[in-house]
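Read the structure below first, then the notes.
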Amino acid sequence: MNIKGYTNELMRKVAAIAIVASFSFSNALAVGAYRNDNINVVANTSAMAKFTTDLTKLGREGRLREDLSLENEVIRLLNVLAEGGVRQPVVVSDDPNVQAIVVEQAALRIAKGSAPAELTGKSIIRIDAANLFSNSRSETEVAAIMNAIVDEAIAANGRVILSADGVSDLVGASAASQRLLSSIADGKLLFVGTSNASNFAEKIERDADVSPYFAGILVSERKAETVAGNGQTMRDGGYRGDNVSPDLRDMMAQDPSGNTRVDVILQAKDADSGALRAMLADGSAKVKDRIGGTDTLVVNISLSALKELSTSGLINYVSPDRPMRSHGHVEDTTGTTLMRAQAALNGRAAYTLDGTNIGVAIVDSGLFANHNGFKNGGSSRVVASVNFTNSNLSDTADVYGHGTHVAGLASGSSNANGGAYRGVAVNSKIISVKVLNNQGIGNTSWLLNGLQWIIDNRATHNIRVVNLSLGTTAYDTWTNDPVCIKIKQLAEAGVVVIAAAGNLGKNAQGQKMYGQIHSPGNSPHAITVGATNSLGTNNRNDDIIASYSSRGPTRSFYRTSTGTPVYDNLIKPDIVAPGNRLISYRSPGNVMATANAALNLVGEVLAADSDKNMYMSGTSMSAPVVAGAAALLLQVNPNLTPQMVRTIMQYTAQPIAGANSFEQGAGQLNMEGAVRLARSLRTDVDFNTLAKGTTMVPTGWTMPTPSTTVGGHTFPWAQLVTGKYNTVTGSNLISQFQTVYKRENLIGTGINFADGNFTLNTGTYFTTGLNVGRIVTTSNGGALGTGTTYLTYGVLVGDGVLVGDGVLVGDGVLVADGVLVGDGVLVGDGVLVGDGVLIGDGVLIGDSVLLGDDTPAMQ
């Protein structure tokens, strides 16, 4: 026998099992004395009767007051318990009162019957630490009492959920009883613990022997500050049209009985309103989740109750909890390699442009954190990993394989294969927010929870960039869409949000399709990214738009009081970047690579898992390239606002000849030009505080040469930005501060339309030297939008009418056979039906996106 191995295994088991009653006396004194109600679900017990409190019984007796302030965390705790796995929930907060509230509110929900059905008949029994210690003479006696409590809880045959405070202080105690965790490991005991954040991270999360048994429920800090747009502004006028989404209205019409139940995202005017809660408590509705501390609820509701709710005056908007899916040589071809070494400037020492200290949040399917590409030397750059899917909350691994590949493109730093597969921001902080499950599918509610966590924790990890390589069909106008609203809040908090455009650029017959930009890419607050095909070369003169990349305009909409649809019709995407058959990091045994051997790299069979790579294609791959680029621009100048980052990227983009504005936005990402332009701006001011017309450049500034050479090919910059329905040009976009650059504003804000003409509002634009473009062009590869006219005027105005050539009629429906112009089809194969409602859930067509366009690619 290997005595050393056996001893290590035994010690590991003891350490993992030793979650016991050896509270330090200082910890016991810190625990408030609770009422010692000696009525428990187990009869004739001694230790449990004397040293515990039945919180669920208190709830049934009306002795626990309902508190909705931590509803999100309470629901998550109950969901972990209901899953019935080995991992048990631990409420993580630095405030003991908050810890107690979450546990007590969970007990109250069980008592009221509003917890998951799996918890019916169970009781949360809290160990009274102060009473236990005051009646014990030694640590040995404490351990003996704890053993007795655990045994009595087990004897209750699953009806007891044992709760203890300060669980992280109990790990590995020398006089520890082994009963608690061994019972958890054997599936005999349900348990709820509490801990402060530092102890949980140090004693549980980082301990490989203990962490498999616990799932942290992190209580987001409720900050006194309010992110602009988080509440009153949107309630008072931001929403448009009907307060029920079009697809829910269709469901209501198809089921006159109203008996069908559906999970919805309910954006309430006041989620804590007594009137609203009364409507939701009559049995026809059940609150399943709450998005942080906001007024957005996830509710399971009957269609009949939904109809009543819509006329109550208590809600802003309600929409389905829709399915959310992933969309499925970088340094050199983007021009990043040329800009790594940055010289000293304005008192700043020379530095390497690599995203240092900038937090990039990858909102996806999790992450294989042990890949060498996510490390700096031996230290991991993954500073946080959280999970908001319905699977085990501590499971942040990437079983699906999408998130790891995406993160590698944004921030990968692997030196394997000569560094050929490095990403863009190679030293940035990485934050993994898992909202897609192990099959690559998620829900709107999971995404909302993930984005809210980012808002709450952005300062802790300096999260400046969020990447969303996922999406769902865009039904709701961006002012009503709950995900778009959350993106607006992120932008107002100074966070740059990058969203994939989608992979619905062609139908099953290979015809081009327009109007298939996914949510959240339909948000004007996001930088929406389409995909190019670099053909595997660094030379950019052969780059083309990938056939599958979704094209604009956006077709999300709202209905007027008469039922008329009004389409957003925004020009999207904003920019394009390489996305076809890109090589990035591979998580071990992932679903995608296992099912599709063609995605694996030949020659890496014997490579270590920590160095393996794979192919993937789609706007999912293009988006993180741009996310990494945004991190670099924020390293160059941390004072840039999200709209300024967008402006710099668009102004310096490469126009792709033969592609129109609905395919490429301003053009292809050009990091060489973007960094040069960002570097030329002032660094001594907070741009968000500037007045219109204030200079953004130092004295003596001259515009950098507006052209770039990459891979031996020289191309001009686009030198324009896209508004909602048009383009704006002029060097004063760079030299003078425009009010539209403020975090709460948009480039398209302040552009007026009247009598067929567009003008800039002098209240929001410093108009000198600026011009408004009125056509959507097919680019000839030149600057300033030159090329042939794609659409007369090319501007889609507020009522959904395409002005100029009348291709779209008043109700926004395409005339004749759906041909938009020359080479493109907007409808075709039934994807866009007569009333503008997109059917299906945006599932990718066939496997063409997975394998990409069959052209030369990275090697």
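Bear in mind that the values in this text are calculations on the coordinates, not laboratory data. Bear in mind the structure is a predicted one, so any value in this text is a computation, not a measurement. Here the Cβ positions follow ideal geometry from the backbone for every residue, glycine too, while neighbour counts run over all protein chains shown.
Under the Karplus relation 6.51 cos²θ - 1.76 cosθ + 1.60, θ = phi - 60°, what is the ordered set of whole-Hz ³J(HN,Hα) values for the stretch 516-529, x standing for Gly and Pro?
For the stretch 516-529, the Karplus curve yields 10, 5, 7, 7, x, x, 7, 7, x, 7, 9, 8, 8, 10 Hz.
When the convex hull of the Cα atoms of the stretch 635-771 is projected onto a plane and the area is averaged over all directions, what value comes out in nm²?
On the way: hull surface 35.9 nm².
Mean projected area of the Cα convex hull: 9.0 nm².
Express in whole angstrom the spacing between the alpha-carbon centres of the stretch 637-695 and the stretch 277-317.
The stretch 637-695 and the stretch 277-317 have Cα centres separated by 42 Å.
Using a simple spin-label model with points 7 Å from Cα along the Cα→Cβ vector, what separation in nm is obtained for Ala349 and Asn415?
Roughly 2.1 nm, to one decimal.
What does the charge add up to near Pro588, with Lys and Arg as +1, Asp and Glu as -1, over the other residues with Cβ less than 15 Å from its Cβ?
Working: positive: Arg586, Lys612; negative: Asp395, Asp398, Glu604, Asp609, Asp611.
My count for the surroundings of Pro588 gives -3.
Which cross-chain or sequence-distant (5 or more) residues have an amide H under 5 Å from the amide H of Val496, H modelled 1.01 Å from N in plane?
Val465, Val466
About the Cα centre of the stretch 578-694, what is the dipole size in debye to 20, counting +1 per Lys and Arg Cβ and -1 per Asp and Glu Cβ, all else neutral? Could the numbers behind the result be given before it?
Values: 8 positive and 7 negative charges, 52 e Å.
Approximately 240 debye in magnitude.
Please label the shape of the stretch 77-123 as rounded, prolate or oblate, based on the square roots a ≥ b ≥ c of the eigenvalues of the alpha-carbon gyration tensor (a/c under 1.5 means rounded; beyond that, a/b larger than b/c means prolate, else oblate). Write down the numbers at each step before the final one.
On the way: a/c = 3.11, a/b = 1.35, b/c = 2.30.
Verdict is oblate for the stretch 77-123.
Let me know the shape class of the stretch 390-459, please: from the alpha-carbon gyration tensor, a ≥ b ≥ c as square roots of the eigenvalues, rounded when a/c is under 1.5, otherwise prolate if a/b is greater than b/c, or oblate.
Oblate shape, in that a/c is at least 1.5 and b/c is the bigger or equal ratio.
If a/c stays under 1.5 just call it rounded; otherwise compare a/b with b/c (prolate if a/b is bigger, oblate if not). Do that for the stretch 591-698, with a ≥ b ≥ c from the square roots of the Cα gyration tensor eigenvalues. Show your work: numbers first, answer last.
On the way: a/c = 3.32, a/b = 2.03, b/c = 1.63.
Since a/c reaches 1.5 and a/b is larger than b/c, the shape of the stretch 591-698 is classed as prolate.
Using only Cα atoms, figure out Rg for the stretch 333-459 and give it as a multiple of 2.2 N^0.38 Å. Intermediate results must be reported in sequence, preceding the final value.
Numbers: Rg = 15.8 Å, N = 127, 2.2 N^0.38 = 13.9 Å.
That ratio works out to 1.14.
Taking amide hydrogens as modeled 1.01 Å from N in the peptide plane, which residues meet the under 5 Å criterion relative to Gly773, leaving out close sequence neighbours?
Thr727, Val728, Thr729
Just how far, in whole angstrom, is the stretch 448-495 from the stretch 577-626 if you go by their alpha carbon centroids?
Their Cα centres are 26 Å away from one another.
Relative contact order (percent) for the stretch 490-547, with alpha-carbon contacts under 8 angstrom and 6 or more residues of separation? Walk me through the numbers before you get to the answer.
Numbers: 70 pairs, mean separation 18.3, N = 58.
Relative contact order for the stretch 490-547 comes out at 31 percent.
Any idea which of Phe368, Gly378, Tyr400 is furthest toward the positive side of the dipole for the stretch 291-439, if Lys and Arg beta-carbons carry +1 and Asp and Glu beta-carbons -1?
The residue sitting farthest along the positive end of the dipole is Gly378.
Collect residues whose amide H, placed 1.01 Å from N in the peptide plane, falls under 5 Å from the amide H of Val192; neighbours closer than 5 in sequence don't count.
Correct list: Leu162, Ser163, Ala164.
Taking the alpha-carbon set of the stretch 265-338, what are its Rg and Dmax in Å?
Values for the stretch 265-338 (Cα only, Rg and Dmax): 19.5, 64 Å.
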